[in-house]
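Following: one structure in C-alpha cells, then a few remarks.
None of the figures in this text is laboratory data; all of them are computed from the coordinates on show. Note that the structure is predicted; figures quoted are calculated from it, not measured. Positions of Cβ are backbone-derived with ideal geometry, glycine not excepted, and every protein chain shown enters the neighbour counts.
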Amino acid sequence: MPYTLLRIFAGLFLISRLLFHPEAAQAATITVVNLDGPGEGFNDPSPPDPASTAGGNNGPTLGAQRLVAFQSAANIWGGLLSSPVEIRISANFNPLPCTSGSAVLGRTTPVTAHRDFAGAPLTNTWYPQALANRFAAADLAPSVNDISAVFNSAIGTTCSFPRVWYYGLDANPPDGLLDFVAVVLHELGHGLGFVSFVDLATGAKLQELDDVFSRNLEDHSTAKLYPDMTNTERVNASQNTGNLHWVGANVVAASNRLTAGVHPTGHVQMFAPNPQQSGSSVSHFDTATTPDELMEPFYTGPKDNVGLASELFRDLGWEITPPSVVSAVLPSSRSVLVDVSAAAFATIINVGPGTAIGCGITPLTSIPATFFYQATNPFTNQIIGTPNTPLSIATGGAQSFVFAFTPTAPFAPTDVHLSFGCANSTPSPIITGLNTFLLSASATPVPDIVTAAATLNNDGIVNILAATGTGVFAVATVNLGAGSAITASADTGAVVLPVSIAICETNPGTGVCLTSPGGSVTTQINTNATPTFGIFVTGMGHVPFDPAANRIFVRFKDAAGVTRGSTSVAVRTQ
C-alpha cells in the first residue's frame, strides 16, 4: 500500500555542533608568513573595521584583522588537507590592477614545482610544492616558502572600485562588501594545486612534461585529455567553451550536487572562454556551475567551505580528511498494521570537511519488512530524485529524506538501527531516540501515536536552571491508528540522572495542564486526535551536557504496556 507522507520536518536540533566536534586527523599545519612592512597591509595600525568586529574578528587593528581573517581561511584548508610537512605561505598586501569597474582581488601561486622525487605517484609529472612535499614527507625546497599570495591594497584606499574588504569570520558581509576570507580561501586553492602549468598562450607543457592538474582536463568535443593533445589542440581546448571538462573520478562522483555546468557523464565544466582570459582560463570551474563554486574565476559571494574543490584535490592526490555526518529521525516511533507502510523523515547533515559523497540510509536491524528511502525537499517534504538513490551533501549542508518500512508479518516494538552513511565517510553515530526508529507491526488495528517534542529554545535541549531548578518542554501528538486509552510517561532511559520528572496533558491552545502533573497521565486518544503534553524536569544535582547519553524519553503505551509512540530531548543543568 502507498505510504502516507507525514507533514513533519526531521530537524537536527543543532546536533552538528552540540553532539560532535570532529577534528582533522593529521591536519595540515598552514603558517602565514607576513611580508608586509611596518604600517602597511597586515601591519596597518588603523583602528579595526567595526563591521568586521561585529562579524567575529576581534583583531585590535585593521592589519591584525586582515591577518586573523587570512589565518581563518588557511585553517579551513588545514583542517581539510593532510600533510606531514608544514605549508608556509608568503603573504602581503600590494596594489594590484583596480578601476572603478573591476579589480584583481588577489594573486596566488605555488612558489616551486617538483617532479620525480622520492614518493612521487607519477613519473615525469609536475606537482606544486605543497603537494610534492606531502608525497615526499619532506620539504623539497626548504629555503623558500611553498605559496606566494598577494592581495589588493588599492581596494578601499587608492582605487575607486565601489566594493571594499570585509574581514569578518561569519561569511555574512554587509551589502557591497567583499568577503576577504572567501577570497583568501579561493586564492589558497590555486597555491595548493588548483592550477595548470601549461602555457595558456602557446599550449606548451612546462619543460614538455605533464602536470598533475592538467592530466584531468579533457576536450569533450574530441575526447582527448590534455596530455595527449598537441600544443595547438590545448590552446583550442582552453577556449572551447562548455567542452573543457574535469574528468577526475572524485569530482565526477560528487557532481550530482550541481544543477548546471555538469555533463550527463558527470564531467564538470572548466572555465574556457573565447577569447582566453589570462589568469582565469582553464584553472577554474566554469561560471556555468550551479550552485556557485568557490573556485570560479569571479567572486560569487561569501563562502566558508571549498565545495567541489575538495574532490578535485582528491583527484590531484591530496589526502582529504573524511567528512563527518550526523543524523536525526522524526518521528522516532510508529505502530502500524501488517502491509501498511510506516513512514518517517530523516535528515543527514555533513559537518565536514569536504563534500560527503553518496549519502543514503540502510537498515541495520533485521525485521520482517521491506524498506524504501528517497530524498525530499526540506521546506515542503515533497519527494525529489529517485527511490533508494544516494546523494552528495556539501560541507555544512543537510539533506532530508523520507523512509518507510512496510511490515510483512507482525512483530513487537523493535528499536530499528539505521546506517546513515556516505561513500567517503563513516556512518553517523547511532543514538537511541535521536536517529533510531521504534517500530512495531500488528495483525489487528493498534494505536499509532506520532510525536514531536518542542523545547523553549527549539534546540532539542531542556535546560534545568541551577542544580535544583526545573526545566520544561512540550510534546505534540497525533494518533494515526486505532483509538485507545494511552498512558504517557517520561524517564531517562538506561542512564540514571539526578532528576525527577512529571507529566501532564495540556490545553493545546494555552499549554496549561488539565490535571496536576504526576509520574504519568492516562487519556483516551481517538483516531486523528491531537492531544498535547507538558513535561517538567526538576534537578536534584548537576546534569552534565552529554546529549548523546543524557536524555529525557517520553513514551506512550497502550493498556497492554506496549509502546505506541515515543520521543526524546537532551537534558542539562545550566
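List of remarks:
- Enumeration of residues in the range 456-479 that are within 25 Å of Phe403 (Cβ to Cβ) and surrounded by fewer than 20 Cβ atoms within 10 Å (Cβ to Cβ): Asn458, Asp459, Ala476
- Matching residues, the range 40-95, being under 27 Å from Ser143 (Cα atoms) and in a loop (DSSP other than H, G, I, E, B): Glu40, Ser83, Pro84, Val85, Glu86, Pro95
- Pro47 vs. criteria without any contact (Cβ under 8 Å) to a residue 24 or more places away in the chain and surrounded by fewer than 16 Cβ atoms within 10 Å (Cβ to Cβ): yes
- Within the range 495-520, the residues that satisfy the criterion of being loosely packed, with under 14 Cβ neighbours inside 10 Å and touching a residue at least 40 places away in the same chain (Cβ under 8 Å) are Val495, Ser500.
- The C-beta contact set for the range 52-71 (first residue without any contact (Cβ under 8 Å) to a residue 60 or more places away in the chain, second residue part of a helix (DSSP H, G or I), distance under 6 angstrom, 6+ apart or interchain) comprises Gly63/Phe42; Gly63/Asn43; Leu67/Phe42.
- Of the residues Ser500, Ser516, Ser489, the single one that is outside any loop (DSSP other than H, G, I, E, B), among the hydroxyl-bearing types (Ser, Thr, Tyr) and more than 26 Å from Ala344 (Cα to Cα) is Ser500.
- Scan of the range 325-346 for residues that are within 24 Å of the chain's Cα centre (by Cα) and either aliphatic (A, V, I, L, M) or crowded, with 23+ Cβ neighbours inside 10 Å (or both), ordered by number: Val325, Val326, Ser327, Ala328, Val329, Leu330, Pro331, Ser332, Ala344, Ala346
- Within the range 228-260, tally of residues that are under 18 Å from Ser392 (Cα atoms), in a loop (DSSP other than H, G, I, E, B) and among the polar types (S, T, N, Q): 1
- Residues of the range 521-539 classified as loosely packed, with under 13 Cβ neighbours inside 10 Å and either touching an Asp or Glu at 6+ places or on another chain (Cβ under 8 Å) or under 14 Å from Val475 (Cα atoms) (or both), total: 1
- Gly63 passes every criterion in (1) surrounded by 18 or more Cβ atoms within 10 Å (Cβ to Cβ); (2) in contact with a Pro (Cβ under 7 Å, 6 or more places away or on another chain); (3) closer than 30 Å to Leu206 by Cα; (4) not basic (Lys, Arg) apart from (3).
- Applying the criterion of being part of a loop (DSSP other than H, G, I, E, B) and polar (S, T, N, Q) to the residues of the range 411-430, the residue that is surrounded by the most Cβ atoms within 10 Å (Cβ to Cβ) is Ser428.
- The range 297-321 residues that are on the phi < 0 side of the Ramachandran plot, paired with ones that are assigned to a loop (DSSP other than H, G, I, E, B) and basic (Lys, Arg) (beta carbon under 9 Å, 6 or more apart): Tyr299/Arg163
- Applying the criterion of at least 2 residues that are basic (Lys, Arg) to the strands (runs of 3 or more DSSP E) found wholly in the range 341-405 leaves an empty list.
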